[in-house]
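Okay, structure first, notes after.
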Amino acid sequence: MDREKQSRQVMSGVSDKHDGMNALPRKKFKKPAANQFDLDELARGVESGSRLHLGKAITLLESTNPDHKKRGQELLNALLPKTGNSIRIGITGVPGAGKSTFIETFGTMLTELGHRVAVLAIDPSSSRTGGSILGDKTRMEELARNPKAFIRPSPTAGTLGGVHKKTRETMLLCEAAGYDVILVETVGVGQSETLVRGMVDMFLLLVLTGAGDELQGMKKGILELADAMIVHKADQNNLPLAKKTVREYKQMLHFLQPATEGWTTRPLAVSSIEGTGMQEIWDMVKDFEQTVKESGYWDTRRQEQTRDWFHSMITDELLGRFYGDPERKQQVKDMEQRILDDRLTVSQAVTELFK
């Protein structure tokens, strides 16, 4: 299969099975200037599974420097044939549900089973400073030190749309580096769950015991995104209540639209502290993968996600170019005042802007 066909398959969500860390048959990059990234070295390092080179490659993709952006896309394009071979799992939950504790316990178990795990923690709060916080690494200390794991906070660059681009591209680089399980954590702030749902294969919702009270404040739309509901902190004296909560969710799920075609959303009780239920979750994930792949919806969903990504990037580019023009920005400001002074309608202003 030629490389061009491989690239088309991967971008549509279909690719051959990961074939280890063999070097990619690719053209040589131009020799970099002294202040530029060496793309050949980065590509080889990422392919070999080096966390250091993977981190540098992600930094290159996240850079706002025009030359870095161009070279970052060249690097990503060269690595495309190595992508698409992981299972991508989104994880969200109500405040206090213990997402980071769950991810550390679950991720550690997966590495013990021989998997390589990448955790991409989405951090909308980082937009205040323009960078990403290190809180996720400090909250997952054991997993951060694990040589089979890689943790990367994913800043939004000021907008939730930034999550979509940066996290999607980071995910592809992690796959090229041989990580076969990608965990994408969202802090759970409304629209971010929908964005994460649009880039993963399976979506887990962490909840606490006492489903009746909790459901009062949870949007139905969030529940309908979930392929599994993880009743967390089911340990010690809390276990009986956790089992009761699972039964309540089973009854409730009959009235909700399934999040994935051909799959019935399941509730499970787990404890990260005691480590119980983790193997059951992984067995469920594998069952989900097999069921959805057999139905053909696995590839269909990835193709739809890539198509949506493409169109969202077009929108981002148009907005960036529109508001990036100094004259246009001043024109928008002037029209805003005319609208507020009742001298111009909103539709008239938009029509004039796009003459």
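The values are calculated or read from the model by the stated rules, or taken from the named source; none is laboratory data. All of these numbers come straight from a predicted model, not from anything done at the bench. Note that we place each Cβ from the backbone using ideal geometry, even for glycine, and neighbour counts take in every protein chain shown. Side chains included, ligands, DNA and RNA excluded: accessible areas come from the protein's heavy atoms. Shrake-Rupley method; radii C 1.70, N 1.55, O 1.52, S 1.80 Å.
A few notes on this one:
- Remark: for residue pairs Lys99/Lys233; Lys56/Lys166; Lys69/Lys333; Lys82/Lys166; Lys165/Lys293; Lys82/Lys148, the C-alpha separation exceeds 21 Å in Lys69/Lys333; Lys165/Lys293.
- Spin-label pair Arg44/Leu113, simplified geometry with 7 Å Cα→Cβ offset, distance in nm: 3.5 nm
- Using a Förster distance of 25 Å, the FRET efficiency for Glu336-Thr64 (Cβ separation, nearest 0.05): 0.40
- At R0 = 41 Å, FRET efficiency that the Cβ-Cβ distance of Lys329 and Glu261 yields, to 0.05: 0.40
- Scalar couplings 3J(HN,Hα) for segment 101-111, obtained by applying the Karplus form with A = 6.51, B = -1.76, C = 1.60 to θ = phi - 60°, are 5, 4, 4, 5, 5, 5, x, 4, 4, 5, 5 Hz; x denotes Gly and Pro.
- The distance between label points at Asp287 and Leu239 comes to 2.1 nm (points 7 Å beyond Cα on the Cα→Cβ vector).
- Of all accessible heavy-atom area on segment 246-349, the percent that carbon and sulfur account for (1.4 Å): 51 percent
- Fraction of accessible area attributable to carbon and sulfur, segment 59-110 (%, probe 1.4 Å): 54 percent
- Per residue value of the accessible surface for segment 260-355 (all protein chains in place, 1.4 Å probe), Å²: 67 Å²
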